[in-house]
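Colleague: Dropping a structure here in structure tokens format, bear with me for questions.
The values are calculated or read from the model by the stated rules, or taken from the named source; none is laboratory data. None of the values given here were measured: they were computed from a predicted structure. Don't worry about glycine lacking a Cβ; one is built from the backbone with ideal geometry, like all the others, and counts go over all protein chains shown.
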């Protein structure tokens, strides 16, 4: 993953997710969630499951348009913000921080 140099796609992210969590979350690894989630102790409402495919498509369009126009640290920060905000699969927020 660290040396990955191809275009970033949802298929790539889901593959990495499966590689990282396939042994501990076998039924969820590598899949988008199909149900709504909430973060206990927070008023924040993650993206509804029904909206995920559309928002992720928007995210990857944004990424491909901006990946060569932003400094790497700025791009990484925005990727983190935009992607974690949606919480596209059943993972805790801390796991996403490590994943990205």
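Colleague: What number goes with the only condition from (1) assigned to a loop (DSSP other than H, G, I, E, B); (2) at pLDDT 90 or above that residue 63 does not pass?
Modeller: (1)
Colleague: State yes or no: is residue 14 surrounded by 13 or more Cβ atoms within 10 Å (Cβ to Cβ) and modelled with pLDDT of 90 or more?
Modeller: Considered against the rule, which asks whether it is surrounded by 13 or more Cβ atoms within 10 Å (Cβ to Cβ) and modelled with pLDDT of 90 or more, residue 14 comes out as no.
Colleague: Give the residue, chosen from 25, 31, that is in contact (Cβ under 8 Å) with a residue 60 or more places away in the chain and either in contact with a strand residue (DSSP E or B) (Cβ under 9 Å, 6 or more places away or on another chain) or not in a helix (DSSP H, G or I) (or both). Reasoning before the result, please.
Modeller: Values: 31 fails: in contact (Cβ under 8 Å) with a residue 60 or more places away in the chain.
From the options 25, 31, the qualifying one is 25.
Colleague: Could you check the stretch 34-59 and list, in sequence order, the residues that are in contact with a helix residue (DSSP H, G or I) (Cβ under 6 Å, 6 or more places away or on another chain), at pLDDT 85 or above and closer than 14 Å to residue 84 by Cα?
Modeller: Those that are in contact with a helix residue (DSSP H, G or I) (Cβ under 6 Å, 6 or more places away or on another chain), at pLDDT 85 or above and closer than 14 Å to residue 84 by Cα: 55, 56, 59.
Colleague: If I filter the stretch 78-96 for residues that are modelled with pLDDT of 90 or more, surrounded by 12 or more Cβ atoms within 10 Å (Cβ to Cβ), farther than 18 Å from residue 4 by Cα and under 14 Å from the mean Cα position of the chain (by Cα), do I get at least one hit?
Modeller: Taking the stretch 78-96 first, the residues modelled with pLDDT of 90 or more are 78.
In the following step, the residues that additionally are surrounded by 12 or more Cβ atoms within 10 Å (Cβ to Cβ) were identified as 78.
Filter again for farther than 18 Å from residue 4 by Cα, leaving 78.
Next cut, under 14 Å from the mean Cα position of the chain (by Cα) only: 78.
Yes.
Colleague: Among residues belonging to the stretch 36-60 that are touching a residue at least 40 places away in the same chain (Cβ under 8 Å) and not in a helix (DSSP H, G or I), point out the one that is surrounded by the most Cβ atoms within 10 Å (Cβ to Cβ).
Modeller: This residue is 46.
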